[in-house]
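Structure first, commentary second.
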Amino acid sequence: MKFRFPLFAACLLGFFVPSTYAFTPADQNALKEFLDGNPVTDLGLVVSSNKLEGALTEAPWAGYYWPEGFGGVTTPFRDPSFPHAQISLWRSDSGFNRTNRWMKKKWGLSLTPIESSLSNEEVDKLGAALKYDLLISENDYTLTHTILNRIADKARKVRIKAWEGICNGWTLAALAVDRPLHSVQVKSASGRMITFYPHDLMALAAQLYARSPINGWNWFTRDAEFMRTSIFLKDGENPPANANFEPVWLKFIGKRCEKNDQVNGCGDLNAGIFHTAIVNSIGFNNSAFIMDKHKSPAIGNAVAYSYQAKLYNTETGKGGPYPEILSTHLNDEEKNKGAVSKVGVEMTLTTRKELVPFSLDLEKEKNYQDFEESDQHHYDYVLLLNIKNEVIDGEWKMRVPLLGAENQLFPIYPDFLWKLPVKNTRAFSGYEGSLSASEFTLQNGLPESWKQIAAEAGKHEQPLGTVLYQLIDASRTLQ
């Protein structure tokens, strides 16, 4: 089944005719599809239902964006000699160069170790992708080499930006994948037992969700290259006949802004749509979503999971009881949109903050949840209401000065919101449709018949979901 997202349009303020809904048809369709049904827009019902604030019953886990400059999920983050200082945007030695030199010095031109030369302690310090590869084969490292080769090729052509990684992967995984709780041991291809810690499993989950057919990251591209980019096929390569690359279309409100403009962005995320999406998704549906926090080409994805909205009168700036707090002093433009009243909203939206794995030693990892933190984002906007007290439009009010233009104030709001088409959708590689989970056990390792399938998936930067979910399930039951 294909879940298709609709075409989106910017909110064309100033071009509406009198109606009971000022949202564009595209906005209304996007909101309905995002929420899997008609949203609650009646502000009175929101207040009486105590939905001016809400939180998920279970908060998402904190992942990491695994920057390309560090080598993605190949990063040996537990090795104290790895140069994991913050990547610089300005130094000439930024990006992958430093990582590349470190790996060559430690392991040679292949950038990977010889498995038989490693002690168990050294295996413990390997990156998640290398550990996974040791389950498949002693020294092939297919997943690791594919990731590193792509990053190295990219680094030869352009400077890798500090923000580039797989935040799209870890945020989706945090929405859908159960939280790993404990370390788990599994038999490798060479016969040794390898330990996967919670952040190894989180890294592989992030990689799978970033590269599987579930994540068509070119979300507004509907040309012949869409499938190719979403499943990481190489130029000129076609999917094998036995592969399943049926994509699952993600749901979006707004769109990625390609303009390098922190001031105005693309101006396509309406404040009323934003408010209604938050209240319905988290408050009424107990469903998290992801948002890109910035109006710029740089993507800063974060999982939103709780909120608190405070209403205020737009004339006095003070709070009060509903509906007395509503203002009926409207300008002509607001009246022409069908509004009969308006109210100000101070929204505090809480997102899960990334947990940088370099800060955790193995002892801390046992209780890593104690180190998870949240970010709070504050927004100020006005909602326009029709005669039924339904939200029909919104206007961003929060203004802050930006560097270089301190004498001017500009609106601050997210770029876009997005999430999975169906809550808790599990991602799989495009190659494992015929695999039976019962054939793989931690004690016996990967069946011989799976290894070629795993290698094919690894060539496209995809770990096997069938393996990953077995490991995660074990981490939640074994201690």
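What trypsin sites (Lys or Arg not before Pro) in segment 116-196 are in a loop by DSSP, with at most 13 other Cβ atoms within 10 Å of the Cβ?
Here no loop site has a sparse enough neighbourhood.
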Spacing of the two label points (7 Å from each Cα toward its C-beta) at GLN376 and ASP36, in nm: 3.0 nm
Here segment 385-391 yields Karplus 3J(HN,Hα) values (6.51, -1.76, 1.60; θ = phi - 60°; whole Hz; Gly and Pro given as x) of 10, 8, 5, 8, 6, 8, 5
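Just so you know, all these numbers are worked out from the coordinates, no wet-lab data involved. As the structure is a prediction and not an experimental result, all values here were calculated from the model. Note that each Cβ is placed from the backbone with ideal geometry, even for glycine, and that neighbours are counted across all protein chains shown.
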